[in-house]
Amino acid sequence: MTTDNKDTTDFGFKTVKAEDKETMVAGVFHSVAKQYDIMNDVMSFGIHRLWKRFTIDASGVRPGNSILDLAGGTGDLTAKFSKLTGPTGKVILADINSSMLNVGRDKLRDLGIVGNVDYVQANAEALPFDDNSFDIVTIAFGLRNVTDKDKALRSIFRVLKPGGRLLVLEFSKPEHDLLNKAYDFYSFNILPKMGELVAKDGESYQYLAESIRMHPDQETLKSMMEAAGFEQTNYHNLTGGIVALHKGYKF
Amino acid sequence: MPKQMLTAIIEIIINKALSLDSNISEPLSKLNGKNLTLIISELDFPITLNVELNTISVLASHLSDDCVIHSNFASLAKLKQTELLTSLIRSGDLDIVGDLKIAQQFAGLAEQLNIDWEKQLADRIGDIPAFKLNSLGAKLLKKLNFAKAQISQDAGEYLLHEKRLLVTDTELRVFNSSVDKTKLELDKLQSKLDSLAQRIK
Ligand SMILES: C[S@@+](CC[C@H](N)C(=O)[O-])C[C@H]1O[C@@H](n2cnc3c(N)ncnc32)[C@H](O)[C@@H]1O
């Protein structure tokens with residue numbers, strides 16, 4: 001969400017100077033990189049794997065596609081896309097954070113995935129790729145960490161080919177009040193504790209919980225995508241809206 | 001996400017069977033880069049099998065039109081016997097669009113693996129409510145009033161997967177007791193707030 005004041009932005013619930021957010025987010029992900037995959041499983045009861053499967057199924061990937069897995073972190077989506085697009089296709093795993101990229105690179109190498117994947121350290125707000133390069137761009141649990149989300153969406157729009165699509169998988173607003181309350185309790189009381197327990201890093205997980213709550217809700221993100229030029233935008237709530245998958249096309 | 005749950009289970013079963021069959025690597029490697037989509041009349045979504053790096057990915061969506069089979073569960077079961085392919089096609093229970101050779105290769109693979117789908121599926125699906133969800137789920141979710149139905153419906157792949165052992169019993173116990181502690185602290189806070197509110201009144 002862009003704040004009214006151009007010089008400040010949210011960092012979880014804190015308001016910080018816009019130019020500082022990037023460094024602070026970097027701190028969080030340098031700190032969680034090594035434990036990231038385990039924590040994902042533990043925190044979501046493994047459901048994140050189904051959310052990601054849903055994303056792949058909705059992507060319309062074809063053999064030969066070129067795909068950008070933006071804020072791709074440890075490369076879960078890249079691993080799947082790499083197999084589906086095959087040797088004639090290409091997947092770029094891009095992330096702003098070198099620690100996350102390193103963990104991702106090692107993991108994919110261990111899985112035997114080497115041929116069609118490139119690793120690029122890049123900021124979503126200023127993508128270092130040519131116009132009209134990709135059939136598919138995904139950003140999973142990444143957009144909420146980006147300082148200027150509108151700028152990132154425009155940058156993604158630019159690098160997509162006409163006919164290409166963006167998929168945004170991100171925490172969103174639960175549809176029902178009860179779920180919302182329970183989820184709040186989980187995020188603010190349980191999650192940081194689990195972070196402390198398993199990853200010995202409660203603070204980073206406190207940030208994660210807060211950043212989830214600051215992220216635009218379903219309709220807001222949809223209109224942000226439209227403002228960036230995307231068409232036929234729609235979203236699908238998963239697990240009662242705890243997570244939503246937004247999709248939009250460039251024509 | 002029941003579709004993704006189903007394809008996740010199928011993927012785990014197939015790859016497990018592949019890893020147990022030492023004679024499978026040759027026919028399997030011939031299929032690298034190939035995929036097959038099944039349109040099954042009983043299901044309202046396609047299932048795609050894609051072979052790459054000697055593993056099979058299973059999708060609840062179309063991938064390409066290399067080879068598409070339209071059929072039903074009963075006839076698919078017969079597909080394990082490759083020699084029945086032609087007769088199934090003749091009878092109209094099976095329709096193949098695209099590369100017939102790919103269909104034959106996949107059928108050959110199925111014949112060799114000879115997976116007991118009914119048993120395998122029953123075993124895996126039976127795991128979901130029985131396993132971790134009870135220890136991890138019931139205690140935690142009930143207490144939190146978490147919308148349990150929603151979660152248990154989705155708590156899929158991880159619980160089925162070998163990785164489920166990632167969370168050891170000790171970790172669970174520690175986690176559960178820290179949940180209890182948090183709850184206790186919250187209760188204390190709540191009663192403090194209540195008595196404060198009383199005094200203000
Ligand atoms: C929660 S992780 C998600 C990783 C992976 N996509 C997944 O779903 O498992 C968020 C990632 O976003 C990256 N990130 C944060 N800000 C970014 C930016 N401005 N540009 C690119 N990546 C960014 C972080 O470094 C981190 O790896």
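Per residue of A:50-58, other chain Cβ atoms within 10 Å of the residue Cβ number 6 on average. Among A:78, B:86, sorting on how many other beta-carbon atoms sit within 10 Å of each Cβ, with the fewest leading, yields B:86, A:78.
Let me make sure I get this right: for chain A, a, b and c are the square roots of the gyration tensor eigenvalues over alpha carbons, sorted descending. Under 1.5 in a/c it's rounded, otherwise prolate if a/b > b/c, else oblate. Which is it? Could the numbers behind the result be given before it?
Numbers: a/c = 1.42, a/b = 1.22, b/c = 1.17.
The shape class here is rounded.
Per-residue mean of foreign Cβ neighbours for A:238-249 is 2 (Cβ atoms of other chains, 10 Å radius). Per the Debye formula on identical point scatterers at the alpha carbon atoms of the stretch A:146-238, with no solvent, log10 I(q)/I(0) at q = 0.17, 0.20, 0.21 Å⁻¹ is -0.84, -0.99, -1.03.
If you bin all the Cα-Cα distances of the stretch B:3-112 at 5 Å, starting from zero, the percentages per bin are 2, 12, 23, 27, 21, 12, 3, 0.
Provide the FRET efficiency to the nearest 0.05 for the residue A:161-residue A:121 pair, computing r from the beta carbons and using R0 = 25 Å. Efficiency, rounded to the nearest 0.05: 0.60.
Where does the stretch A:58-151 land on Rg/Rh, using Cα atoms and the Kirkwood Rh? Each step should come with its number before you reach the end.
Details: Rg = 12.5 Å, Rh = 13.2 Å.
Radius of gyration relative to Kirkwood radius: 0.94.
With the simple model of a label 7 Å out from the Cα in the direction of the Cβ, residue A:20 to residue B:95 spans 6.5 nm. Other protein chain C-beta atoms within 10 Å of residue C-beta, averaged over B:47-53: 4.
Within 10 Å, at most 11 other Cβ atoms, and a DSSP state outside H, G, I, E, B define an exposed site. Report the longest part of chain A free of exposed trypsin sites (Lys or Arg not before Pro). Before the final figure, lay out the partial values.
Working: sites that count: A:6, A:200.
Segment A:7-199 is the longest.
Any read-out appearing in this document is the output of simple, stated calculations on the displayed coordinates, not a laboratory observation. Note that this is a predicted model, so its numbers are computed, not measured. All Cβ positions, even for glycine, are placed from backbone atoms using ideal geometry, and neighbour counts span all protein chains on display.
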